[in-house]
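Heads up, the thing below is written out as structure tokens.
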Amino acid sequence: MKLSLKHFLWGITGLLTLIMALRLMVEQGMFLDGLWYATIARNMSVGLGTFWDPMLDPFFEPHFRAHPTLAFWLESLLFRMLGEGLWVERLYSGLCGVVQAGLIIGIWRETQGKELAATFADSLPVMLWLMMPVVGWGFSANMLENTLLIWILVGVYASLRWPTWGPFSISVALTLGFLTKGPMVFFLAAWPFLSNWIGKKVPLGKAMLASLQTLAWSGLWAVMLVNWPSAWAFMQAYWQVQILGSLAQEATSFWAHLWIIDDTFSELIPLILLAGGLFVYHNRKKSWVPPTAGQRAWIKAFLALAVLALLPFTLSSKARHFYLLPALPFFSLATAHFLLPVLKKILPQHPPRAWWIGLGVLVLGTSIWVGFRWGAVSRPGDGLTTVQALGPQIPARSAVGYVGNFGGNQSMVAYFYRYYYISLNEKQPTQGFIICAQGEDLPPEMMLVYRLLDTHEGVRLYQEKTATSSETP
């Protein structure tokens, strides 16, 4: 079989996966939020906490109410199957990425038409999606957006594949998205309107009716949830803790709420440079091939959905680049529609051997580089190596006293419980151990009771002189 352009573009997509995602997935360490989420999921898998009453740490946060719990429960299933290995949360994030890529391809095929479903362009929207830096980072960070994006893409794909059931499928996706990350998924209710009116040129009234049907179905699922006592109790607490609590802390500056524009532009730079460069070059050469009318319609629909996904964050001044993740596939799909005609014209159907040799060298070199990153600490200074050095010396499921401000390094607190079931608790230590933060030490009177057991990177571990450790003779 002669290798074609389709295979070459898949090779580039694989190279981008190595560079943008796998290099991060093989490293140690994790963003704090993802680390907490992994801990909650692991706890669920061993019976510590339930779906409607998740537990983060028995002392720090025994009743977690900051986010809905569906993603934690799904991840806990993987922990139950594979055990408590430190790679399980990264595997879950990676699997989410694979599912997302497959759904993006499915959406692309549905909006291209059957005549292009099996051509060279299958990988194009995935390739463009991977060019945005936060996408690869999300694969390694165990963010709730990984699961949320699956529901969003499932809803969009199902509504295109089975249009008669579009409002129903979107309502199911919207409900599952809400149970994953809360109200930030509500923008999806606009998709039946956008896809019908803009994408398929359906009359305005019929398109609006589709979104109204979506809201009606969603209302039915909401009624069922609020009549479930455990669910209603959790949602009330979530509303108080996360929604009202976040709004109460908002900055008053107007400009503080526009961070989303700057962050979005930063992520879209690779797509803007590629699409803009090709357009300017081929327009000057009089060789530009514009998108068809059908492609232009889908470009507008996808861009409108992406903008709607970002709009809620203008209400918040809390800037987090991973909040963009639900919107980015739709930017990549719009860009793919824009570029497809000209790429079909300028790219050879069977790339020359030199292209394949260059790609092979890049893949080999990148694979070696990723191999050297295996096990490297990705976030130096967050306390991981200290936890790995001191944690094995403390009995599991202990509450350890502490001196100093560990609130400034919550990652260390999270690592202790995720890796060793060790809680830092100032008031109720249980096993005769005390940890002193960097630059801190025990008061002189406590030195008479505790002895220094170990020190790592300025963090001191003390053990009560009358106590015995399972690791200490």
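W217: in a helix (DSSP H, G or I), modelled with pLDDT under 90, touching a helix residue (DSSP H, G or I) at 6+ places or on another chain (Cβ under 9 Å) and not polar (S, T, N, Q), yes or no? Taking the combined requirement at face value, the residue does not satisfy it. Inspect all residues belonging to the stretch 109-126 and state whether any of them is open to solvent by 10 Å² or more (accessible area, probe 1.4 Å) and on the phi > 0 side of the Ramachandran plot. Looking through the stretch 109-126, at least one residue is open to solvent by 10 Å² or more (accessible area, probe 1.4 Å) and on the phi > 0 side of the Ramachandran plot.
Going through (1) small (G, A, S); (2) under 27 Å from the mean Cα position of the chain (by Cα); (3) at pLDDT 90 or above one by one, A231 falls short only on (3). Looking only at the stretch 28-49, residues that are without any contact (Cβ under 8 Å) to a residue 40 or more places away in the chain and either more than 18 Å from the chain's Cα centre (by Cα) or open to solvent by 40 Å² or more (accessible area, probe 1.4 Å) (or both) come to 7 in all. Residues that are part of a helix (DSSP H, G or I) and closer than 13 Å to W298 by Cα within the stretch 193-207 comprise F193, L194, S195, N196, W197, I198, G199, listed in sequence order.
With respect to (1) closer than 30 Å to A309 by Cα; (2) free of Cβ contacts under 8 Å to residues at least 40 places away in the same chain; (3) open to solvent by 20 Å² or more (accessible area, probe 1.4 Å), the lone exception for F330 is condition (3).
Just one of (1) open to solvent by less than 20 Å² (accessible area, probe 1.4 Å); (2) at negative phi; (3) in contact (Cβ under 8 Å) with a residue 40 or more places away in the chain fails for R65. It is (1). Checked against (1) surrounded by 13 or more Cβ atoms within 10 Å (Cβ to Cβ); (2) in a helix (DSSP H, G or I); (3) at pLDDT below 90, R418 passes all but a single condition, namely (3).
The set of residues from the stretch 245-296 being open to solvent by 50 Å² or more (accessible area, probe 1.4 Å), more than 18 Å from F331 (Cβ to Cβ) and modelled with pLDDT of 85 or more comprises V280, Y281, N283, R284, K285, K286, P290, T292, A293. The single condition from (1) under 27 Å from the mean Cα position of the chain (by Cα); (2) buried (at least 22 other Cβ atoms within 10 Å of the Cβ); (3) not acidic (D, E) that L340 fails is (1). Within the stretch 156-167, is even one residue open to solvent by 20 Å² or more (accessible area, probe 1.4 Å) and either under 16 Å from the mean Cα position of the chain (by Cα) or within 30 Å of H350 (Cα to Cα) (or both)? Within the stretch 156-167, none of the residues are open to solvent by 20 Å² or more (accessible area, probe 1.4 Å) and either under 16 Å from the mean Cα position of the chain (by Cα) or within 30 Å of H350 (Cα to Cα) (or both).
The values are calculated or read from the model by the stated rules, or taken from the named source; none is laboratory data. Keep in mind it's a predicted model, so treat the numbers as computed, not measured. Ideal geometry is used to build each Cβ from the backbone, glycine not excepted, and the neighbour counts take in all protein chains shown. Quick note on the areas: whole protein, heavy atoms, side chains included, nothing else; ligands and nucleic acids left out. Shrake-Rupley method; radii C 1.70, N 1.55, O 1.52, S 1.80 Å.
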